[in-house]
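The values are calculated or read from the model by the stated rules, or taken from the named source; none is laboratory data. Quick caveat: nothing in here was measured; it's all calculated off a predicted structure. Virtual Cβ from ideal backbone geometry, glycine too; neighbours counted across all protein chains shown.
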Amino acid sequence: MGTDLILGIETSCDETSAAVVDKGRYVKSNIIASQINLHREFGGVVPELASRKHLELLDRVIKRALEKAEVNFSDLQGIAVTYGPGLVGSLLIGIVAAKTLSWALGLPLIGVNHILGHIYSNLLEHPELKPPLLCLTVSGGHTDLLYTEEWGQYQILGRTRDDAAGESFDKVARFLGLGYPGGPAIERIAETGNSERFPLPRPDLGEDRYGFSFSGLKTAVINLAHNLEQREGNIPEADIAASFQKTVVDILLERVERALKDFPVDKVLLAGGVAANKYLRRRLEEMLKEKRASLYYPSLEYCTDNAAMIAGAGYFLLKQGKTSMLDLDAHPQLKL
């Protein structure tokens, strides 16, 4: 059996990553240099610092990815890179590196939508997956629900109008003084809290049955905490975190349940950084069991930003003839 090795490069935010993937499904290496400790003291990602760190690390990360995969540049069939959405400075570091390699090696350049990469992350551990299916992508920058009848064809059912779910986790956690990143911090403290103590508002998006909005919920949580502190002299962080987490998950599950009525599939994919949330996984699995559908999600390594998912998606784009020219540019607000 021959190989179809793709080198993936991911620098959309604060992870510098390179990976080698065979046939879009089989990970030979996946190197991730995280910047969490760099940005933690600021309570979130500082774009200029992220770009500088990518510039410092990327060459070494690519070299390590090739070494771990035990391949050379001459073994590769293509170079895949995230070109959006993300932080423009961070994206450009990866794009310039990918274009340089593509030109120097005479290999196809494959620009990959970061959200598409998250969708394909499930194939890295569930290579048998086949459409039709629904996919819920939940991360710091994206909350998208889509239906696909076959790989390469996607129908966007709903996306966030404002804050993404992961972004709202970060902002609420920062306000409560729980640290960065916010998702894991809220999940930890929520385990000791009463999720029924504070009923929180759900957005009414009218005819947008699958859309998401978390800005109002975030504001409601912050106002609640302010009022409690003024009235009672303290903020019950665990109960607020548990109530907030439950509300976010309720909203996500409500949209998936609606979609299953209109698109009665038996497979639902969960992807993105928030896919690592055990409470979300458990609630979604319970709901899907009643619907006689199965839930698929990647392990933590492939939930967060990583180059393996970009290489995986890049392989399928290459097979479809969807390559990029050397004038490929960064698109910070790119949609799927």
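Some notes on this structure:
- Residue within the range 291-306 that is farther than 27 Å from Leu107 by Cβ and in a helix (DSSP H, G or I) present: yes
- Any hit, the range 320-332, residues being free of Cβ contacts under 8 Å to residues at least 40 places away in the same chain and more than 20 Å from Gly152 (Cα to Cα): yes
- If only residues of the range 72-90 that are in contact with a strand residue (DSSP E or B) (Cβ under 6 Å, 6 or more places away or on another chain) and aliphatic (A, V, I, L, M) are counted, the one that is surrounded by the fewest Cβ atoms within 10 Å (Cβ to Cβ) is Leu76.
- Hey, Thr137 touching a helix residue (DSSP H, G or I) at 6+ places or on another chain (Cβ under 9 Å), of a type in the set (Ser, Thr, Tyr) and buried (at least 21 other Cβ atoms within 10 Å of the Cβ) or not: yes
- Within the range 1-26, if we keep just the residues that are over 18 Å from the mean Cα position of the chain (by Cα) and of a type in the set (A, V, I, L, M, F, W, C), the residue that is farthest from Phe169 (Cα to Cα) turns out to be Met1.
- Near pairs, Cβ below 7 angstrom, 6+ apart or cross-chain, from the range 121-150 (more than 20 Å from Pro181 (Cβ to Cβ)) to any residue that is modelled with pLDDT of 90 or more and of a type in the set (Asp, Glu): Pro131/Glu149; Pro132/Glu149
- The one condition in (1) under 28 Å from Glu187 (Cα atoms); (2) surrounded by fewer than 14 Cβ atoms within 10 Å (Cβ to Cβ) that His126 fails to fulfil: (2)
- Residue match in the range 82-96 (condition: more than 12 Å from Ala330 (Cα to Cα) and under 21 Å from the mean Cα position of the chain (by Cα)): no
- Selected residue [among the basic types (Lys, Arg) and either within 20 Å of Ala190 (Cα to Cα) or surrounded by 14 or more Cβ atoms within 10 Å (Cβ to Cβ) (or both)] from Lys261, Lys246: Lys246
Yes/no per residue for (1) under 15 Å from Asp250 (Cβ atoms); (2) small (Gly, Ala, Ser); (3) modelled with pLDDT under 95:
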residue: Arg159; (1), (2), (3): no, no, yes
residue: Ala164; (1), (2), (3): no, yes, yes
residue: Lys171; (1), (2), (3): no, no, yes
residue: Phe175; (1), (2), (3): no, no, yes
residue: Gly183; (1), (2), (3): no, yes, yes
residue: Asp204; (1), (2), (3): yes, no, yes
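- Residues of the range 195-239 that are aliphatic (A, V, I, L, M), part of a loop (DSSP other than H, G, I, E, B) and over 26 Å from the mean Cα position of the chain (by Cα): Ile235 alone.
- Considering Ser12, Ser51, Ser29, Ser17, the condition of being of a type in the set (S, T, N, Q) and surrounded by fewer than 20 Cβ atoms within 10 Å (Cβ to Cβ) is satisfied by Ser51 alone.
- Long-range neighbours under 6 Å by Cβ, at least six apart or interchain, first residue over 17 Å from Asp327 (Cβ atoms) within the range 102-113, second modelled with pLDDT under 95: Asn113/Leu334; Asn113/Leu336
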